[in-house]
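Contents: one structure, followed by commentary.
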Amino acid sequence: MTTAMNVNGSHALGIWTAGVLVGLRTLREEPVLGLKRLALPVSYWRSVEFAYVWRQLEPGAGTRILDLGSPKDLAAMLATHRGYEVVATDILPEAIALSERYARAQRLEGRGPGRVHSEIQDGRALTYADGSFDAAYSVSVLEHIPDTGDSGAIRELVRVVRPGGLVVVTVPFDRRYRETFVDGPVYERRPQDSERLFFERHYDRAALTARLTGHAGADLVDLQFWGEGAIRTEPLLDRLGPLRLPLSPLEAWFAAAWL
């Protein structure tokens, strides 16, 4: 039997608290995973993104939610503190294996309210029937899907969520659309010869509309932009390199102050 504190994850510090609890609940069965989560309860940007998803998902306990490829901490938080049944998916088998380990360690694995069930899925071609879920979310995933895969994933999310349900996504934004390519493997993809592989895109307003928010089968109900002001914390943290580790438990606090 597991017990849960009353956590308000609608802001970054509430998500930080939920992340600490994930670490504490994991410690007994998976001490290494638990310690890793306690060292970094939730990262700088994820704390704000997770809080946004938390605020948007307002259905009652027992609601069936699809997680498409997001960091799986949020699935555990929503199952534990909101009573949702979360189907946590990813295209990578190793990500699903890790998700299952976290869920088992917290005694959350399974189906039904307050449970997390993990499955391998390709967001561009989900195997679920139309209207299988009450809501879906995807945190910083769509920007990594190459070609028109981000648009395909949005279509699939809209398809598998019931009419009147909600799809919540977060992606990086910039004043001008840009794409990043890298050497070496990217997620499930491997380069051929000297090929550089697509890594991610930053959307501008036109790309958001054309690729994500202009889907004919859905209405846009909320659009928010977050960024740093005069204090640019993220570049400072990046410059610290290994010295950033001692500050890791405080990253959500920095996000609450400056994002």
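The values are calculated or read from the model by the stated rules, or taken from the named source; none is laboratory data. Since this is a predicted model, take the numbers as computed values, not measurements. Glycine also receives a Cβ, built like all others from the backbone with ideal geometry; neighbour counts cover every protein chain displayed. Areas reflect the complete protein model, heavy atoms only, side chains present, ligands, DNA and RNA absent. Shrake-Rupley method; radii C 1.70, N 1.55, O 1.52, S 1.80 Å.
Residues K36, K72, ordered by accessible area of protein heavy atoms at a 1.4 angstrom probe radius and largest first, appear as K36, K72. S10 sits with roughly 40 Å² accessible to a 1.4 Å probe, with DNA, RNA and ligands left out of the calculation. When the Cα positions of L142, A257, L223 are compared along the charge dipole of the chain, A257 comes out farthest toward the positive end, with charges on each C-beta of Lys, Arg, Asp and Glu. About its Cα centre, the stretch 170-227 has a charge dipole of approximately 160 debye under the convention of +1 per Lys or Arg Cβ and -1 per Asp or Glu Cβ, with nothing else charged. Mind checking the log10 I(q)/I(0) for the stretch 147-259 at q = 0.20, 0.21 Å⁻¹? Debye, one equal scatterer per Cα, no solvent, two decimals. Rounded to two decimals, the profile gives -1.16, -1.17. Using the Cα gyration tensor of the chain, with a ≥ b ≥ c the square roots of its eigenvalues, what is the shape: rounded (a/c below 1.5), prolate (a/b larger than b/c) or oblate (neither)? It comes out rounded by the Cα gyration axes. I'd like the distance between the alpha-carbon centres of the stretch 142-209 and the stretch 27-90, rounded to an integer number of Å. Each part reduced to its Cα centre gives a spacing of 21 Å. Loop-resident trypsin sites (Lys or Arg not before Pro) (DSSP state other than H, G, I, E or B) in the stretch 171-259 with no more than 15 further Cβ atoms inside 10 Å of their Cβ: R175, R176, R196, R232. The listed residues E179, E234, once ranked by accessible area (1.4 Å probe) with the largest placed first, stand as E179, E234.
A simple spin-label model places pseudo-atoms 7 Å from Cα toward Cβ; at R55 and N8 they are separated by 1.3 nm.
Over the chain, accessible surface divided per residue gives 50 Å², non-protein components excluded, 1.4 Å probe.
What does the C-alpha gyration tensor say about the overall shape of the stretch 2-119? Classify as rounded when a/c is under 1.5, otherwise prolate if a/b is larger than b/c, or oblate. It is rounded, given that a/c, with a ≥ b ≥ c, falls under 1.5.
Only protein heavy atoms count here; on that basis, with a 1.4 Å probe, F133 has an accessible area of about 0 Å². Among the protein heavy atoms of the stretch 101-153, carbon and sulfur supply 47% of the accessible surface, probe 1.4 Å, non-protein parts ignored. When the solvent-accessible area of the stretch 26-83 is split by element, carbon and sulfur atoms take up 54 percent of it, the probe being 1.4 Å. Within the accessible surface of the stretch 171-250, defined with a 1.4 Å probe on protein heavy atoms only, the carbon and sulfur portion equals 54 percent.
Computed over protein heavy atoms with a 1.4 angstrom probe, the accessible surface ordering of I91, I96, largest first, is I91, I96.
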